[in-house]
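Presented below is the structure to which this report refers.
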Amino acid sequence: MEALSTLAVDIDPRLDLFEEIARLKRRLNAVILAHFYQDPDIQDVADFVEDSLGLARRAQATQADVIVFCGVHFMAETAKILNPGKQVLMPDLRAGCSLSDSCPPPLFAAFKAAHPGHIVISYINCSAGIKALSDIIVTSTNAEKIVRQIPAGQPIIFAPDKNLGAHIAKVTGREMLLWSGACMVHEIFSEKKLRQLKVRYPRALVLAHPECEEPVLRLADHIGSTSSILSFAKTSPAQEFIIVTEPGLIHTMEKQCPGKRFIPAPPDHGCACNECPHMKLNTLEKLYLCMHHRAPEIVMDEETRLRALRPIERMLAMS
Ligand code: 13P
Ligand code: SF4
């Protein structure tokens, strides 16, 4: 990451940031990609609001000259890996990911060396350095489909999320050697409070992200990626849902499912720690500033990029 992670300047309060961002988008020939966990204002101004796989596909297909990525660092990095010739801007470069941080490349390289003969499947929530050490990347949308394509008898290392890995191992029946990483947001959901919420809303279906721990997933009526949770709610005849993932997703769910009710699952403490503090570092003001200054941007050495590209391309071909 460059030293320049944010640009602290005053913004003229008379500016309509929605209009300014639209003007800059035309001037830069930019596309704004946003993850479902972003602030509602950012979701509303973006060209596309999707999950990790959808955003990677948008980044691969775009004709824009500049990609403005409203999400966390590994997501913007993936866009850069797929588009070395384009400028990839981020509102705040410090928007990292606890799951990605739980798998440092030197430690993972040693782990891999200690288990020769394994194919390395890594969840996209990891750094370019981990992607460069991997054979195939997966997201929560395509992990099951891709693991099912690995020939029987081929040993698998799955990194970095032990919860997603355990869930995929359970549904596919494949044994996998798991790296012990986890997401600070999804691990904080409380099984006890979820049980209490189910009693309060007996008709509500529980929709959970596979980054949650097993005791929480056991209470779910549907387990899936953010896009899978959204499409389940859209097509289900049920009217009430308890959402066990980052509550930013509820903004798009309410827009796309008028009349349905979405109840955010509670964290273990009386805090707002089910909100991803990394995702929430991006704000509308920082989005405007990064487009205005064309900084900060993702930069990457070409050798790492080329090594990280191969497993991402395998994922896109297999999903
Ligand atoms: P999705 O790919 O399901 O959107 O997940 C991304 C993520 O960071 C979940 O914490
Ligand atoms: Fe990373 Fe968890 Fe935030 Fe997703 S919710 S970006 S896995 S810290």
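None of the figures in this text is laboratory data; all of them are computed from the coordinates on show. Nothing here was measured: the structure is a model prediction, and the numbers come from that model. In this analysis, Cβ positions are derived from the backbone assuming ideal geometry, glycine residues included, and neighbour counts consider all displayed protein chains.
Potential lengthening of the chain between MET318 and ASP44 amounts to 95.5 nm, from the contour at 0.36 nm per residue minus the alpha-carbon distance. Taking other residues whose beta carbon is less than 14 angstrom from the beta carbon of ILE146, and scoring Lys, Arg as +1 and Asp, Glu as -1, yields +1. Principal semi-axes of the equivalent ellipsoid, √(5λ) from the alpha carbon gyration tensor of the chain, are 30, 27, 17 Å from largest down. With a cut-off of 20 Å on the backbone N, the residues of the range 24-53 near the modelled label site 7 Å out from LYS234 along Cα-Cβ are 32-53. Taking the square roots of 5 times each eigenvalue of the Cα gyration tensor of the range 58-199, largest first, gives ellipsoid semi-axes of 26, 22, 15 Å.
Divide the volume of the convex hull around the Cα atoms of the range 1-113 by the residue count and you get 131 Å³ per residue.
The range 46-79 and the range 140-183 have Cα centres separated by 25 Å.
Annotation for ASP10 and ALA113: the two label points, set 7 Å from Cα along the Cα-Cβ direction, are 5.5 nm apart.
For the range 15-141, the Cβ-based charge dipole about the Cα centre amounts to some 520 debye (Lys, Arg positive; Asp, Glu negative; other atoms uncharged). The Kirkwood radius of the range 19-70, taken over pairs of alpha-carbon atoms, gives through the Stokes-Einstein law at 4 °C and 1.567 mPa s a diffusion coefficient of 117 µm² s⁻¹. Look at the Cα gyration tensor of the range 235-319: its axes a ≥ b ≥ c give a/c of at least 1.5 with a/b over b/c, and that counts as prolate. Cross-link partners for LYS234 among the lysines, with Cα-Cα distance under 19 Å and sequence neighbours closer than 8 places in the same chain left out: LYS255, LYS260.
Close amide H partners of GLU240, meaning residues 5 or more places away or on another chain with modelled amide H under 5 Å apart, are LEU205, ARG261.
Along its first, second and third principal axes, ordered by size, the range 182-257 spans 29, 26, 17 Å in Cα coordinates. Pairs of lysines in the range 1-138 whose Cα atoms sit within less than 21 Å of one another amount to 5, provided the residues are eight or more positions apart or on different chains.
Taking packing as the residue-averaged number of other Cβ atoms within 10 angstrom, the listed peptides 194-203, 208-217 run from highest to lowest as 208-217, 194-203.
Electrostatic tally near VAL66: other residues with Cβ closer than 13 Å to its Cβ, Lys and Arg +1, Asp and Glu -1, net +3. Label separation (GLN63 vs ARG200): 5.0 nm, computed from points 7 Å beyond Cα along the C-beta direction.
Each Cα pair of the range 80-125 feeds into the Kirkwood radius, which the Stokes-Einstein equation turns, at 10 °C and 1.306 mPa s, into a diffusion coefficient of 119 µm²/s.
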